[in-house]
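A.B. asks: Attaching a single structure in C-alpha cells format; questions to follow.
Bear in mind that the values in this text are calculations on the coordinates, not laboratory data. Note that this is a predicted model, so its numbers are computed, not measured. Here the Cβ positions follow ideal geometry from the backbone for every residue, glycine too, while neighbour counts run over all protein chains shown.
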Amino acid sequence: MWHGPDGIRVEVIILNDRPRLRVTQRVNGRRYLVADCSRAPEVAAYVDLADLCEVIDFPR
C-alpha cells in the first residue's frame, strides 16, 4: 500500500482475477474510489508517483 498527499491511497487488489491498482482518496473522513488502474502510468494521471510513500505493516 502507498500513501500520497491529500489523502490519496494506492492499493494492489485482485478484481476479476486480475491485479489492479486501486486509487482512493479520503475526504472529510470518508474514503472515495478514484480509479481502478491496470498500470502505474494510469495511476500517474491521479497522483505524482514520486509523492507516494510505501507503508509496510510490521507484525507486533
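A.B. asks: Taking the simple approach of a point 7 Å from Cα along Cα-to-Cβ for both Leu33 and Asp48, what is their distance in nm?
C.D. replies: 2.9 nm
A.B. asks: Could you tell me the relative contact order of the chain? Use alpha-carbon pairs under 8 Å, at least six residues apart, and round to a whole percent.
C.D. replies: Answer for the chain is 33 percent.
A.B. asks: Of Arg39, Arg22, Arg30, which has the largest mean-square fluctuation in a 10 Å C-alpha GNM of the chain?
C.D. replies: Maximum fluctuation in the GNM of the chain, among the listed residues, is at Arg30.
A.B. asks: 7 Å from Cα along Cα→Cβ at both His3 and Asp57: what's the point-to-point distance in nm?
C.D. replies: Distance between the two pseudo-spin positions: 1.4 nm.
A.B. asks: Per-residue ellipticity at 222 nm for the chain, helices alone: DSSP H runs ≥ 4 residues times -39500 (n - 2.57), over residue total, nearest 500 deg cm²/dmol?
C.D. replies: -1000 deg cm²/dmol
A.B. asks: Taking volume of the Cα convex hull per residue in Å³ straight from the coordinates, which label in (1) 104; (2) 130; (3) 83 is the correct one?
C.D. replies: (1)
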